[in-house]
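Heads up, the thing below is written out as structure tokens.
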Amino acid sequence: MVGFEEMREELLDGIKELLKRKQYTALRELLCDLEPADIASLFEDLDEDSIPLLFRLLPKEPAAEVFVELDPDAQEMLIRGFSNTELKEVLDELYLDDAVDIVEEMPAGVVKRILKHADPDTRKSINEILKYPEDTAGSLMTTEFVDLKRDMTVEDALKRIRRTGTDKETINVCYVVDPARKLLGIASLRTILLSDEDDIIEDIMETHVISVGTLEDKEDVAQTFSKYDFIALPVVDKEDRLVGIITVDDAMDVMEAEATEDMEKMAAITPTDKPYLKTGVVSTFKARIPWLLLLMVSATFTGLIIANFENSLAVLPVLTAYIPMLMDTGGNCGSQSSVTVIRAISLSEVDFSDIFRIIWKELRVALLCGVVLAVANFGKMMLVDRLLLGNTSLSPMVAAVVCGTLVCTIACAKFVGCSLPLLAKKIGLDPAVMASPFITTIVDALSLLIYFAFAKSLLGV
């Protein structure tokens, strides 16, 4: 089976050729055979004049699905080009959570027009969801779900699903509520279909329901999806009243966004919501320069340490050659520990109470790594550097200083790398900020202090 990516260039050429020949019926047939996400992907490689024409060739329902998949710039362009009727048709086909996402990305003028042409119920629901803070469950939810009464029969429930399910985000799970909208239980469509028509919903529903509050952090919501493999999750207010649901596609978007944000923080970059190619040079500069300035200033401590031991290096210049290796190895070891611990924190595998267990484990790993690397480095220094390259100033004692420093540096790096993210989490900071660049700067300074301490003790310099 040939995948979309293998056909991408061929499809683009075909679309451009059909556009050139104005064979719109063939274009419509071609597009209708593709998935909405693939159509949106193809639109990215077409000129702006072609996109509105192709979009108008699509049937209403697929067009709305494609619209959701487009990037915000393309969405804004289409909205500005829509007639009022076209805009209303698209809005009517959108699920509420998708409409909210679009509204959040659009300029004020476009938002005003969207809300003006949305039906009153949709407009009210959008405004209610927009009231919730950006990083909460309330901002992710949709109010389009199937609710049932506990005294309904299965026959009644199926009638309600058929009557109302068309416009709902999902009908795979139905939510049982009382007259006050309090969540009583859930009933899967599978359970309902396999039950007798005269069975009562109260008798077949699941009463042990996992839900989230409207103000719960969206990252915690995503972790709940990951833990329980849900396809939808109910959202309740402080009085346990059902106000909406979150579907798995929105949870996946959160996971992707959080992973991207952590990667940027770990690389000492201020996170941004825009795609790389959509981010301007100045914006990219602003995201990177604060961290670079901070790390540059902090790295001056490394220079001060070297300057303080300038006399020692002048007495035994061979020591200078191994400073980069020691600093790089320490930084790499610290990065390994920090990335591992940050991932464990993000997956809720560890918390601050586990800090001593984590430190003990990392120190043992450091000992094993340090011994292996020290032995390998001692052999390389004696065989390659001294014998093959003829560096006669490299004595076994100098090699011992370098290798001893290596073991201690790795131990310090592992300690710093595993403990700082946990401490950051404890005081309310994002552990990702304690990643590679920051930890490397700290480890560089520590490795130099250890190096010169060994040199002074063993070599007397």
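Please arrange Glu65, Glu197, Glu128 by how many other C-beta atoms lie within 10 Å of their C-beta, fewest to most. Please report the intermediate quantities before stating the final value.
Working: Glu65 19, Glu197 10, Glu128 16.
By the 10 Å Cβ count, ascending, the order reads Glu197, Glu128, Glu65.
For the pair segment 314-355 / segment 361-377, the C-alpha centres are spaced 12 Å from each other. Global dimensions of segment 54-124 from alpha-carbon coordinates: Rg and Dmax equal 10.9, 32 Å.
The alpha carbons of segment 380-461 stretch over 53, 26, 15 Å along the principal axes, in descending order. Segment 398-461 and segment 195-261 have Cα centres spaced 43 Å apart.
For the chain, the antiparallel share of DSSP beta bridges with both residues in that region comes to about 75%. The computed Rg and Dmax of the Cα atoms in Å for the structure shown corresponds, within (i) 20.7, 63; (ii) 25.3, 88; (iii) 30.3, 95, to (iii).
Backbone amide hydrogens, once placed in the peptide plane, bring Asp430 within less than 5 Å of nothing, excluding anything fewer than 5 places away on its chain.
With the radius of gyration and the Kirkwood radius both derived from the Cα set of segment 276-459, what is their ratio Rg to Rh? Mind dumping the intermediate values first?
On the way: Rg = 18.7 Å, Rh = 17.9 Å.
Radius of gyration relative to Kirkwood radius: 1.04.
How compact is segment 4-140 by the rule of thumb for globular proteins, expressed as Cα Rg over 2.2 N^0.38 Å? Normalised Cα radius of gyration, segment 4-140: 1.12.
Under 8 Å for C-alpha pairs, at least 6 residues apart: give me the relative contact order for segment 59-136, rounded to a whole percent. Walk me through the numbers before you get to the answer.
Working: 42 pairs, mean separation 26.3, N = 78.
For segment 59-136, the relative contact order is 34 percent.
For segment 66-218, the alpha carbon convex hull comes to 126 Å³ per residue, rounded to a whole number. The angle separating the long axis of helix 154-164 from the principal Cα axis of greatest extent in the chain is about 80 degrees.
Within segment 77-153, count lysine pairs with alpha carbon atoms under 14 angstrom apart where the residues are 8 or more positions apart or belong to different chains.
Values: Lys88/Lys112; Lys88/Lys116; Lys112/Lys124; Lys116/Lys124.
Lysine pairs, 8 or more places apart or on different chains, close enough: 4.
Cross-link partners of Lys20 among lysines, defined as those whose alpha carbon lies under 26 angstrom from its own and excluding same-chain residues fewer than eight positions apart: Lys60.
Using helices alone, I'd like the mean residue ellipticity at 222 nm for the chain: each DSSP H run of four-plus residues gives -39500 (n - 2.57), total over residue count, nearest 500.
Helices in the chain give a 222 nm mean residue ellipticity of -20500 deg cm²/dmol.
Each value in this text was obtained by applying a stated rule to the coordinates, not by laboratory testing. All values derive from a computational prediction rather than experimental measurement. Cβ atoms come from the backbone with ideal geometry, glycine included; neighbour counts cover every protein chain shown.
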